[in-house]
Amino acid sequence: MRRGLLVASQSQWLRERAPRYGFMRRTVTRFMPGEETSDALAAAARLAENRIATVLTHLGENIADRGEADGVAQHYLDLNERIRVANLPAEISVKLTQLGLDLDAKFCFAHVAQLAERTPPEKTLWIDMEQSPYVDATLDLYQRARERCRNVGVCVQAYLYRTVQDVERLIAMGASVRLVKGAYNEPAELAFPKKKDVDDNYFQLAKLLLGAEARRAGVRAAIATHDRALIQRICDFAASEGARNEQVEFQMLYGIQRAEQIRLAQHGYRMGVLISYGSYWFPWFMRRLAERPANMLFLARNFFGN
Ligand SMILES: Cc1cc2nc3c(=O)[nH]c(=O)nc-3n(C[C@H](O)[C@H](O)[C@H](O)COP(=O)(O)OP(=O)(O)OC[C@H]3O[C@@H](n4cnc5c(N)ncnc54)[C@H](O)[C@@H]3O)c2cc1C
């Protein structure tokens with residue numbers, strides 16, 4: 001079912017039709033506070049009351065013309081300003097294919113550099129990681145952006161065999177790194193096919209990112225998972241390394257494991273929630289369904305009107 005949903009996420013035919021159905025729209029509200037920027041900012045303010053920071057992302061990927069990428073970059077520049085005016089503990093995360101990576105890497109870099117320069121120094125501009133063909137281009141662009149501006153961070157995926165080498169390089173740079181399991185459909189030549197191997201690799205990578213060498217290098221590690229067993233192992237490891245709770249950062253997605261988000265924040269861990277918003281939600285929503293097939297039950301319930 002996971003594979004089927006991930007294949008569906010790339011269907012243009014479905015993307016154009018599915019959002020017209022009320023039951024789809026109702027199910028999506030479980031994972032996003034609304035389509036408008038104001039919905040995302042209001043949700044960020046509510047989370048801030050529980051000492052939970054946010055990372056905001058405007059949904060979209062693989063845009064096809066420069067004007068569209070310019071519009072996305074302008075949207076994020078305006079968002080930066082709205083975050084500043086509202087004084088919210090919020091950062092921004094971008095997808096490079098939404099900023100024109102498929103069209104021209106230099107053009108995409110110019111947008112990222114401009115956004116990073118406008119990001120306050122105490123905050124990070126995050127770069128999402130997309131499918132495996134984009135990994136090299138994303139890490140190259142990240143490295144160049146970081147040479148120009150230190151406050152950029154990048155996501156890496158534990159399901160890829162290569163990630164351990166990427167993490168070692170990022171640690172040597174003292175980078176900001178968000179560690180995830182990985183959300184796309186990848187072949188067994190590139191990614192661990194078994195979930196248990198992904199989980200084990202995640203733990204090994206988290207240990208590297210929270211270990212003594214990474215701390216010496218000034219790495220900011222955002223442990224982005226909803227896996228409570230893994231979170232507990234990582235908390236235990238960090239404590240055994242002498243890290244205080246406020247030095248360990250977790251990130252989760254809006255609407256998932258809400259009680260755990262509050263619990264971690266109350267225990268003094270740094271907690272961030274990624275809020276997605278915008279009208280281009282179909283592929284992103286399919287990936288959320290694929291992560292937990294039980295979510296199909298919510299979809300079915302909304303379809304039958306309960
Ligand atoms: C902040 C953040 C940023 C991310 N950025 C990227 C990115 O840039 N690139 C990328 O490839 N992936 C990204 N992801 C997605 C990630 O790769 C995983 O697909 C996703 O987090 C699910 O994996 P998990 O670590 O939560 O563990 P899993 O083992 O999949 O899930 C553990 C438990 O969490 C709960 N859970 C997980 N997912 C869901 C869901 N969708 N709905 C309801 N419950 C759920 C379930 O209880 C499940 O048993 C991001 C995730 C987060 C939290």
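The values are calculated or read from the model by the stated rules, or taken from the named source; none is laboratory data. All values derive from a computational prediction rather than experimental measurement. Methodologically, a virtual Cβ is constructed for each residue, glycine included, from the backbone with ideal geometry; neighbour enumeration extends over all protein chains shown. Please note that ligands, DNA and RNA were not included when accessible areas were found on the heavy atoms of the full protein model with its side chains. Shrake-Rupley method; radii C 1.70, N 1.55, O 1.52, S 1.80 Å.
Quick look at the numbers
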| read-out | value |
| --- | --- |
| Which numbered condition Phe250 fails, given (1) more than 14 Å from the ligand (Cβ to nearest atom); (2) open to solvent by less than 20 Å² (accessible area, probe 1.4 Å); (3) in contact with a helix residue (DSSP H, G or I) (Cβ under 7 Å, 6 or more places away or on another chain) | (1) |
| Hits in segment 15-34 (condition: touching a residue at least 60 places away in the same chain (Cβ under 8 Å) and open to solvent by 60 Å² or more (accessible area, probe 1.4 Å)) | Arg15, Arg26, Arg30 |
| Hits in segment 237-286 (condition: among the small types (Gly, Ala, Ser), outside any strand (DSSP E or B) and over 25 Å from Leu299 (Cβ atoms)) | Ala238, Ala239, Ser240, Gly242, Ala243, Ala265, Gly268 |
| Filter result for Gln257 (near the ligand (Cβ under 7 Å from one of its atoms) and either open to solvent by 30 Å² or more (accessible area, probe 1.4 Å) or out of contact with any helix residue (DSSP H, G or I) (no Cβ under 7 Å at 6 or more places or on another chain) (or both)) | yes |
| Condition broken by Leu190, with the remaining ones in (1) open to solvent by 10 Å² or more (accessible area, probe 1.4 Å); (2) modelled with pLDDT of 95 or more; (3) touching a strand residue (DSSP E or B) at 6+ places or on another chain (Cβ under 9 Å); (4) under 30 Å from Leu79 (Cα atoms) satisfied | (4) |
| Count of residues meeting criterion [crowded, with 18+ Cβ neighbours inside 10 Å and either small (Gly, Ala, Ser) or within 9 Å of the ligand (Cβ to nearest atom) (or both)] in segment 155-178 | 8 |
| Options Tyr184, Tyr134; residue that is within 21 Å of Arg66 (Cα to Cα), within 16 Å of the ligand (Cβ to nearest atom), open to solvent by 10 Å² or more (accessible area, probe 1.4 Å) and touching a residue at least 24 places away in the same chain (Cβ under 8 Å) | Tyr134 |
| Close pairs (6 angstrom Cβ cut-off, 6 or more residues apart or separate chains): of a type in the set (Val, Ile, Thr) in segment 250-267, within 13 Å of the ligand (Cβ to nearest atom) anywhere | Ile256/His226 |
| Pick from segment 218-236, criterion open to solvent by 40 Å² or more (accessible area, probe 1.4 Å) and more than 26 Å from Met32 (Cβ to Cβ), ranking: farthest from the ligand (Cβ to nearest atom) | Gly218 |
| Residue in segment 212-226 that is among the hydroxyl-bearing types (Ser, Thr, Tyr) and within 21 Å of the chain's Cα centre (by Cα) present | yes |
| Qualifying residue in segment 152-167 (condition: in a helix (DSSP H, G or I), touching a Cys at 6+ places or on another chain (Cβ under 7 Å), hydrophobic (A, V, I, L, M, F, W, C) and at pLDDT 95 or above) | no |
| Residues located in segment 65-92, provided they are under 19 Å from the mean Cα position of the chain (by Cα) and outside any helix (DSSP H, G or I) | Leu88, Pro89, Ala90, Glu91, Ile92 |
| Selection status of Met296, within 13 Å of the ligand (Cβ to nearest atom), modelled with pLDDT under 95, buried (at least 20 other Cβ atoms within 10 Å of the Cβ) and not in a strand (DSSP E or B) | no |
| Close pairs from segment 201-218: first over 16 Å from Ser240 (Cβ atoms), partner assigned to a helix (DSSP H, G or I) and open to solvent by less than 20 Å² (accessible area, probe 1.4 Å), Cβ under 7 Å, at least 6 apart | Tyr202/Leu230; Leu205/Thr163; Leu205/Val167; Ala217/Ile171 |
| Ser276, sole failed condition from (1) among the hydroxyl-bearing types (Ser, Thr, Tyr); (2) open to solvent by 20 Å² or more (accessible area, probe 1.4 Å); (3) within 28 Å of Ala206 (Cα to Cα) | (2) |
